[in-house]
Amino acid sequence: MVMLDEYGVERWHRERYRVQLAALKLANGNLKRLRYAIEHAKRDYRDVVAPAEYPSYLKETSIASRPGPDARAMQQIFVEDLAQHEDWLKK
């Protein structure tokens, strides 16, 4: 809890609980990974929120050597990412 509470104390820290939740998800029970996530979030919270909430989207769009998915495929990726995030929240 002490590590999590390091995020959200500065006025530029956005969406405290969302970021803390994303850090927990990325850490998956590993305290070193939690420290890493919190430190990254302090610099830019999107570095924690994006991989926690949109892992498939990031994977699909980070491959620069090929064209990205079309709009329909992207919508499906967003639906799947949302579903996996909701499943994780229900655990």
* **Sole exception among (1) in a loop (DSSP other than H, G, I, E, B); (2) in contact with a helix residue (DSSP H, G or I) (Cβ under 7 Å, 6 or more places away or on another chain); (3) aliphatic (A, V, I, L, M) for Ile77, by number** => (1)
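Taking the criterion of being among the β-branched types (Val, Ile, Thr) and surrounded by 12 or more Cβ atoms within 10 Å (Cβ to Cβ), would at least one residue in the stretch 28-40 satisfy it?
yes
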* To do: Give the number of residues within the stretch 32-81 that are more than 27 Å from Glu6 (Cα to Cα) and of a type in the set (A, V, I, L, M, F, W, C).
  => 8
* Structure fact -> The condition of being touching a helix residue (DSSP H, G or I) at 6+ places or on another chain (Cβ under 7 Å) and aromatic (Phe, Trp, Tyr) holds, among Tyr36, Tyr54, Tyr17, only for Tyr54
* **Checklist (1) modelled with pLDDT under 95; (2) in a helix (DSSP H, G or I); (3) surrounded by 14 or more Cβ atoms within 10 Å (Cβ to Cβ); (4) not hydrophobic (A, V, I, L, M, F, W, C) applied to Arg72, failing item** => (3)
* Is one or more of the residues making up the stretch 9-17 buried (at least 19 other Cβ atoms within 10 Å of the Cβ) and either in a helix (DSSP H, G or I) or over 12 Å from the mean Cα position of the chain (by Cα) (or both)? -> no
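The values are calculated or read from the model by the stated rules, or taken from the named source; none is laboratory data. What you see is a predicted model; the values in this text were computed from it and never measured. Because the Cβ atoms are built from the backbone with ideal geometry, glycine has one as well, and the counts that use them run over all protein chains shown.
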